[in-house]
1. Go through region 272-323 and count every residue that is at pLDDT below 95 and of a type in the set (S, T, N, Q).
2. Just one of (1) touching a Pro at 6+ places or on another chain (Cβ under 9 Å); (2) β-branched (Val, Ile, Thr); (3) under 30 Å from residue 124 (Cα atoms) trips up residue 221, so point out which.
3. So residue 166 ticks every box in (1) outside any strand (DSSP E or B); (2) under 26 Å from residue 296 (Cα atoms) but one. Which box is left unticked?
4. Would you check if residue 99 is out of contact with any Ser or Thr (no Cβ under 9 Å at 6 or more places or on another chain), assigned by TED's automatic domain parsing to the domain that holds residue 182 and of a type in the set (A, V, I, L, M)?
5. So which of 70, 83, 94 is at pLDDT 95 or above and touching a Ser or Thr at 6+ places or on another chain (Cβ under 7 Å)?
6. Going by what's in this entry, would residue 113 be described as at pLDDT 95 or above and touching a Phe, Trp or Tyr at 6+ places or on another chain (Cβ under 8 Å)?
7. Any residue in region 133-145 that is assigned by TED's automatic domain parsing to the domain that holds residue 184 and at pLDDT 95 or above sitting within a Cβ distance under 6 Å of a residue that is outside any helix (DSSP H, G or I) and among the aromatic types (Phe, Trp, Tyr)? List the pairs, counting only those 6 or more apart or interchain.
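The values are calculated or read from the model by the stated rules, or taken from the named source; none is laboratory data. As the structure is a prediction and not an experimental result, all values here were calculated from the model. Note that each Cβ is placed from the backbone with ideal geometry, even for glycine, and that neighbours are counted across all protein chains shown.
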Amino acid sequence: MIRTWLRRANKTAHTLGLIVGLLAVLHLHPARAEQITVTHWGVLMYGAPYAVAMEKGFFKEAGVNIDGILTSKGGGTTMRNVLASGLPYGEVALPAVLAAVKEGIDVHILHAGVRTAGEILWVTMPDSPVKSLKDMQGRKIGITSPKSVTEMLVIMALDAQGIPQDKVARMAVGGIGAGLTALQQGGIAAAPIMDPIWAKEKAKYRPVFFVKDVLPPMTQTVGVTTAEFAKSNAKKLKAIVAARRKGVEFIYTNPKEAAVIVAKAYNMSPQIVEESIANLIAIRYWSAGEFEMDGMNAMVKGLQVVGEWSGPVDWAKLIDASLLK
C-alpha cells in the first residue's frame, strides 16, 4: 500500500512540476502583443479612445493584447495599412472604406467611429473683412485637395446657405498647415482647421464658420476589417470593439483624466488636449459604436457631390453589427 501511495505521489509531483513549468513558460512568454491601425493617430482626435483603452487596460480586460497603434495621413493609405497588417483591423475614414469597396475589396464595417465632421471649421485672419460664409463670395477658400472631404464640406455648406458654388473659388492648398500658411500670406481668404490644432492656434485666427453650424452630422470614420479575417477572428474583433467602447465612455465621463492620457500618448500639451476634448464632447464627436444611418448616408451624399460615388450604398452587405451586442 505504501509503495502504491509513493508511486501515486511521485506521479502527482511530476504532473505538478509540468504544470509549474508550463506556467513559468507562459509567464515568460505572454500572448503576443499586436498593433492596430487608426487614421491620423497622434495628430487628430480620432484615436483618443484607443489611447485611453491602452492606458486603462481595457484591451487586456477584454482579452486582447494591443500595445501600439499604426498610423498614416489618412485616406487610402490607412485602408491599405489595414489590409496589409497582421491584425487587419483599423479605424478608417468612411470615404476610404467605400473607395476600397469600389475596387472590389471585401470588407466588413464593424462599428461607427467618429459620428460627425462638425469639429471642422474655416478660419480667417483677425483683421479680415470676412465674417461669415456669405462674405466669401468673390473670394478664395482653401481645401486640402480636389474631391477631398474639405471640398465636399465647402460645396455642401455653400448649397445649405444658398450661395452659388461659382461665387466662391475653391483652392487646393495641401494639408492644414499649408492652408494656414496660404491664409497668412493672403493667397486665400479662409482655411480649414480642426481640433486639436484649433485649440492650439485659435488666438491667431477668427472663425468664419463651423461645419456643425451649417450641416447635419455625417459619419467620418468606421471600424473595419476584411471579410476573411472576420470569419475566423470574431472573438478578437469583438474584444477590440468592446475595449474601444469603454475608451469612448471613459472620455465622456472622465474628460480631464482622459486628456492627460491622450496628451501623453500624443506628446501634446495636456491643456490643449483638455480644451480639444471639451470641444468634441460638446458635439458628441465619438460614437460608442452604434451606427447612425442618417450620418452614414450624409457622408455618401457628400461623396456623390464630389463625384466619388454614384447611387446608394448597400449597407446590408458591408455592415456587420454583430460585434456590438
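1. 2
2. (1)
3. Exception for residue 166: condition (2).
4. On the way: out of contact with any Ser or Thr (no Cβ under 9 Å at 6 or more places or on another chain): yes; assigned by TED's automatic domain parsing to the domain that holds residue 182: no; of a type in the set (A, V, I, L, M): yes.
In short, no.
5. The conditions single out 94.
6. It is true that residue 113 is at pLDDT 95 or above and touching a Phe, Trp or Tyr at 6+ places or on another chain (Cβ under 8 Å).
7. 133/209
This table checks each residue for (1) under 18 Å from residue 96 (Cα atoms); (2) assigned by TED's automatic domain parsing to the domain that holds residue 101; (3) acidic (Asp, Glu).
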{"residue": "275", "(1), (2), (3)": "no, yes, yes"}
{"residue": "278", "(1), (2), (3)": "no, yes, no"}
{"residue": "289", "(1), (2), (3)": "no, yes, no"}
{"residue": "295", "(1), (2), (3)": "yes, yes, no"}
{"residue": "299", "(1), (2), (3)": "yes, yes, no"}
{"residue": "311", "(1), (2), (3)": "yes, yes, no"}
{"residue": "320", "(1), (2), (3)": "yes, yes, yes"}
